[in-house]
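See below for the structure under consideration.
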Amino acid sequence: MALFELKNVNRHFEIRPGLVSRVLHRHPTRWIKAVEALNLTLEEDEVLGIAGESGCGKSTTCMMIAGLAPPTAGEIHYRGKRVDNLEGEALRRHRRHVQMIFQDPYESLNPRFRVFDIVAEGPRAMALWPERGIGTRVADILFAVGLEPGKYNARFPHELSGGERQRVGIASALVMEPETVIADEPLSMLDVSIRAGILDLLRGLAQERHFSCIYVSHDLSILGNIADRLLVMYLGQAVEIGPLKQVIRAPKHPYTRALIGAVPVPDPRYRRPIPRISGDIARPIDPPPGCRFAPRCPYADASCRKTFLGLDTSDPLHHQAACHRLEQITDDDI
Amino acid sequence: MTTKAVLEVRDLNVRYNTSAGPIHAVSEVSFDVFGDEVFGIAGESGCGKSTLIRALLRLLSPNGICESAVISFKGHDLRTMPDREFRKDILWREISLVPQSAMNSLNPVYRVGAQIVEAIRAHRRCTRATARERVAELFDVVGLQADLMDSYPHEFSGGMRQRAMIAMALALDPALIIMDEPTTGLDVLVQERILRRIRKIRDAIASSIILITHDIAVIAEMCDRIAVMYGGRFMEQARSLDLFESPHHPYTLGLKNAFPSIHAVGAELISIPGFPPGLIGPQTSCPFEPRCPFRIERCATETPQPVTITEQHEIRCFRSAEAESLRELAKSKATWHCSN
Amino acid sequence: MRGVGEHYRIIHANRLSRIGFWIIVGFLTVAVFAPWIAPHGPWEMLFVDGRIASLRPPSWAFPVGTTHLGYDLFSQLVLATRTTVIIGGVSGLISILIGANIGLIAGYYGGKIDEILMRFTDILYGMPFLPFIIVLIALFGRKLEYVILAIVLIIWRTSARVIRAQTISIRQRQFITAAKARGCSDLRIIYRHILPNVLPLLLLYASFNIAWSIITEASASFLGFGDGETISWGGMLYELWLSGKTRVAWWWFAAPSICIVLLVTSLVFVSRAYEEVANPRLRKR
């Protein structure tokens, strides 16, 4: 059974114009459709990569899975049990199983807490173990992320380097013994030379401690290094999913093709083909029905503008793209 | 590529005086930028790449002190030029800057076009109408529609703002454009488009470009020559093909290992253990020594001087002669992570 | 979290706040030992050679002089210090307690709760102090408790607004989302994660509030709305005004005024040290 299952999940926000413009200018209420009709499963012991540009809904998806933002429609199931409608104490309890690692290690640690207290905060808040048990577990996990507890316990975040802070962030998520860890761009603020170390750490810990991981990034090169499966999102819609190597080496959806084609390659001999897509990414405000990539897509036709083809999640290893016109796309096009 | 250097820098040092002691942010940096080339400076945060640019443009904070043997731009000695003259005749006119986080460098209360018109008129005597025509032309060069001139910055996306900043930098046909992380923080597709624009501009306009970034892939795709900076020094400097095909410096080798490529899905990445140096106090060793798996005794007591390997390929390493074998060793993870 | 030692260091880093700190300590000592320091009662008529010691300028026998009724101003001043410290301390602390909690809760929860609490604060902003205290005193009589109550009800509003604003900016930071994801309850986030981050600002406003309540109490007493049974610096000025000797007895006027100015200024000096912590941009480079 899948660990997590998202069934037709939406998250829409209302942008209400002020009273004056509503009455005088008749500005209607508009909707930001941050995530729309998302179907997704997360299997046990896998690393699922979510790729996409800003505004594609990847962070919103994370917040929904972590129970920090409820979906506005659809259902989220955790081990077969519905969790999107949990409230209060039950929600707080549920959050223990899904922990997040945040993007900015300079922002995600409370500047007034010492390392020990940062890591111990979750278990203390949930009263998971008696204080002494918390102490030994914190020491264990700090050691596991490569920070010697005796040396780091009493330090404040501002006394640590970016890499050390991110390790503290990882420790404070893992000390909760979660079954799912969501990492939202955890490397983007770190230097190139230490990124690989954090990736290795995360991968190693995932195997050792048996948690599934959702790894979100706009950087496909990094995802290519950690994920088992890859989901590509565009403006709130899931456009392609499949085993990592298949998606990266043989992308199907025109958007995925363009995205992968645009990733810079550390090879001065490489000459990149010119992508065939046009225009800029829009904001998901009152989007028309159908595929949201259609306005930029060279293959789009009337059917694309009418209906959006969702993904089918019954077989996680099935490589598929949400596109009406897959047959029309030939391999020499990008 | 012409052989005449547009910019010639020799032995540039920058130190910041702080209460904790002097910080040697840039040490003994020498390089040339030739006509029509893109010169890349690659380095991680705190390596001194931004300080180097600030020193060249005289934008250092008051506690920053810059000393150098030569800074010569098109034959003018920039070291002795008075500030007033430098601001009037060199800055923007001859050397322009696309600043880091250029996206936030536009004033939100003025229209984008008007800001560029002002910048042009501040340096060149012309009517508003001529300046506007020039802006329309520039917008075309950077791939923005001319009618966007009368929009406000908040109506632009990040990529559009970035292109507007590049347009502003091009306004006075400078001989040298310095771009500090021009695509950091932009989405992949937007980044690709801007980089393609920059290449086109380079071909269309006879300007040289200094491109500063931490992104090795961007530098590989864009630059003719590359300098790898670490701890305030240029550790390795070479033509880009040479640098990627026969890297010599251990730090360059480490960076290559650590950087993922989408063409090598699942390849093992190796991080460089340790942290960048603090640079406080006198610098008497190789800055990479504490993290280098190939260090020898000498590295801790002496700073290596540049050694020329082939034409235009220089490195600062005592073991430059053994590069071949070090390169082989550096491919193994054990080299980096077990010897320490 | 900051220990006592750290507060000591913050205050002592700045010369003015160091001076202010020791002046405050001095006043506190006087307040605690007032009954033993004061040689006479506050309203004890004194005689010299069988005649009332009326309007004596400062001298060895009467260090601060006497009033027209022969009361010793030095004793009055010392005993009034105690009143002032109690009023300042109690109303300053209660007001910051109310202000901080309302600010934290309004800022953290936002939405309807914020709307209600802030509109309530706005209403208090529209409330002029003097008519308010006049009505209160008229209803309940001249008692110290009501003076404190009136001051508290008026001054918590500013601290509430400022702390709400700060809370809103901290609430949006990622470590708060992180705390939520770790399973912290709302109250735990407010008091354990946000409070320490608004603490410098809170201390700054606590000292403002104390200073402000001292001034307010003095004004109220001066206008005759103080507690008639308890001597205070403002009350001393009120009696001077009633006696009509303002132009003659400069010492009577000077002594309580200097005390008020000295104590309030010291509080402001100490608060400046916290202002630098709350707003690092003010720090000297």
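Of the residues making up the stretch C:27-77, those that are of a type in the set (Gly, Ala, Ser), within 25 Å of residue C:227 (Cβ to Cβ) and assigned to a loop (DSSP other than H, G, I, E, B) are C:38, C:41, C:65, C:70.
Any chance you could count how many residues in the stretch B:244-254 are of a type outside the set (Asp, Glu), more than 21 Å from residue B:277 (Cα to Cα) and facing chain A (nearest Cβ under 9 Å)? Residues meeting the conditions: 1.
Residues that are under 16 Å from the mean Cα position of the chain (by Cα) and at the interface with chain B (Cβ under 9 Å from one of its Cβ atoms) number at least 1 in the following helices (runs of 4 or more DSSP H) confined to the stretch A:198-315: A:220-226, A:244-249. Within the stretch C:209-227, not a single residue is among the hydroxyl-bearing types (Ser, Thr, Tyr) and within 30 Å of residue A:156 (Cα to Cα).
When the stretch A:159-173 is filtered for residues that are under 18 Å from residue A:96 (Cβ atoms), among the aliphatic types (A, V, I, L, M) and within 11 Å of another protein chain (Cβ to nearest Cβ), only A:173 remains.
Hey, any hits in the stretch C:235-257 for a residue that's closer than 15 Å to residue C:129 by Cβ, within 20 Å of the chain's Cα centre (by Cα) and either assigned to a helix (DSSP H, G or I) or at pLDDT below 85 (or both)? Taking every residue of the stretch C:235-257 in turn, none turns out to be closer than 15 Å to residue C:129 by Cβ, within 20 Å of the chain's Cα centre (by Cα) and either assigned to a helix (DSSP H, G or I) or at pLDDT below 85 (or both).
The residue that is modelled with the lowest pLDDT, counting only those in the stretch C:213-234 that are surrounded by fewer than 22 Cβ atoms within 10 Å (Cβ to Cβ) and not β-branched (Val, Ile, Thr), is C:228. Hey, any hits in the stretch B:309-330 for a residue that's within 14 Å of chain A (Cβ to nearest Cβ), small (Gly, Ala, Ser) and either in contact (Cβ under 8 Å) with a residue 40 or more places away in the chain or under 30 Å from residue A:224 (Cα atoms) (or both)? Yes - at least one qualifying residue is present in the stretch B:309-330.
Filtered by the rule that a residue be among the basic types (Lys, Arg), over 25 Å from the mean Cα position of the chain (by Cα) and closer than 15 Å to residue B:336 by Cα, the stretch B:270-309 gives a lone residue, B:295. Just one of the listed residues (A:123, A:70, A:105) is part of a loop (DSSP other than H, G, I, E, B), over 28 Å from residue A:241 (Cβ atoms) and of a type outside the set (A, V, I, L, M, F, W, C), and it is A:105. Is there a residue in the stretch A:86-97 that is over 22 Å from residue A:209 (Cβ atoms), assigned to a loop (DSSP other than H, G, I, E, B), more than 9 Å from chain C (Cβ to nearest Cβ) and not small (Gly, Ala, Ser)? Yes, the conditions are met somewhere in the stretch A:86-97. Only one entry in A:117, A:104 is within 12 Å of chain C (Cβ to nearest Cβ), among the acidic types (Asp, Glu) and in contact (Cβ under 8 Å) with a residue 60 or more places away in the chain, namely A:104. Considering every residue within the stretch C:54-77, establish whether at least one is aliphatic (A, V, I, L, M), within 20 Å of the chain's Cα centre (by Cα) and at pLDDT 85 or above. Yes; the residues of the stretch C:54-77 include at least one that is aliphatic (A, V, I, L, M), within 20 Å of the chain's Cα centre (by Cα) and at pLDDT 85 or above. Looking across the stretch C:32-51, just one residue is modelled with pLDDT of 80 or more, of a type in the set (A, V, I, L, M) and exposed (fewer than 15 other Cβ atoms within 10 Å of the Cβ), and that is C:32. Taking the residues in the stretch A:174-189 that are part of a loop (DSSP other than H, G, I, E, B) and surrounded by fewer than 22 Cβ atoms within 10 Å (Cβ to Cβ) as candidates, determine which candidate is farthest from the other protein chains (Cβ to nearest Cβ). The qualifying residue farthest from the other protein chains (Cβ to nearest Cβ) is A:179. Listed by position, the strands (runs of 3 or more DSSP E) inside the stretch B:51-102 whose residues that are closer than 19 Å to residue B:120 by Cβ and without any contact (Cβ under 8 Å) to a residue 24 or more places away in the chain number at least 2 form an empty set.
Residues that are of a type outside the set (Val, Ile, Thr) and either surrounded by fewer than 19 Cβ atoms within 10 Å (Cβ to Cβ) or not in a loop (DSSP other than H, G, I, E, B) (or both) within the stretch B:296-317 comprise B:297, B:298, B:299, B:300, B:302, B:305, B:306, B:311, B:312, B:313, B:314, listed in sequence order.
The single condition among (1) under 25 Å from residue A:183 (Cβ atoms); (2) within 8 Å of chain A (Cβ to nearest Cβ); (3) of a type outside the set (Lys, Arg) that residue C:197 does not satisfy is (1). No other residue among A:68, A:109 is in contact with a Pro (Cβ under 7 Å, 6 or more places away or on another chain), within 30 Å of residue B:158 (Cα to Cα) and either surrounded by fewer than 17 Cβ atoms within 10 Å (Cβ to Cβ) or at the interface with chain C (Cβ under 9 Å from one of its Cβ atoms) (or both) apart from A:109. Residues satisfying the criterion are present in the stretch A:262-270 (criterion: surrounded by fewer than 20 Cβ atoms within 10 Å (Cβ to Cβ) and either acidic (Asp, Glu) or under 26 Å from residue A:7 (Cα atoms) (or both)). Looking only at residues in the stretch B:208-243 that are more than 17 Å from residue B:306 (Cα to Cα) and away from chain A (no Cβ under 12 Å), the one that is farthest from the chain's Cα centre (by Cα) is B:208. Filtered by the rule that a residue be acidic (Asp, Glu) and within 22 Å of residue A:329 (Cα to Cα), the stretch A:232-291 gives A:240, A:280.
Here residue C:173 does not fit the description of being touching a strand residue (DSSP E or B) at 6+ places or on another chain (Cβ under 9 Å) and over 22 Å from residue C:93 (Cβ atoms). Can you name the condition, by its number, that residue C:167 falls short on among (1) of a type in the set (S, T, N, Q); (2) modelled with pLDDT under 90; (3) crowded, with 22+ Cβ neighbours inside 10 Å? For residue C:167, the failing item is (2).
The values are calculated or read from the model by the stated rules, or taken from the named source; none is laboratory data. Because the structure is a prediction, the values reported are computed rather than measured. FYI the Cβ positions are ideal-geometry reconstructions off the backbone, even for glycines, and counts take in every protein chain you see.
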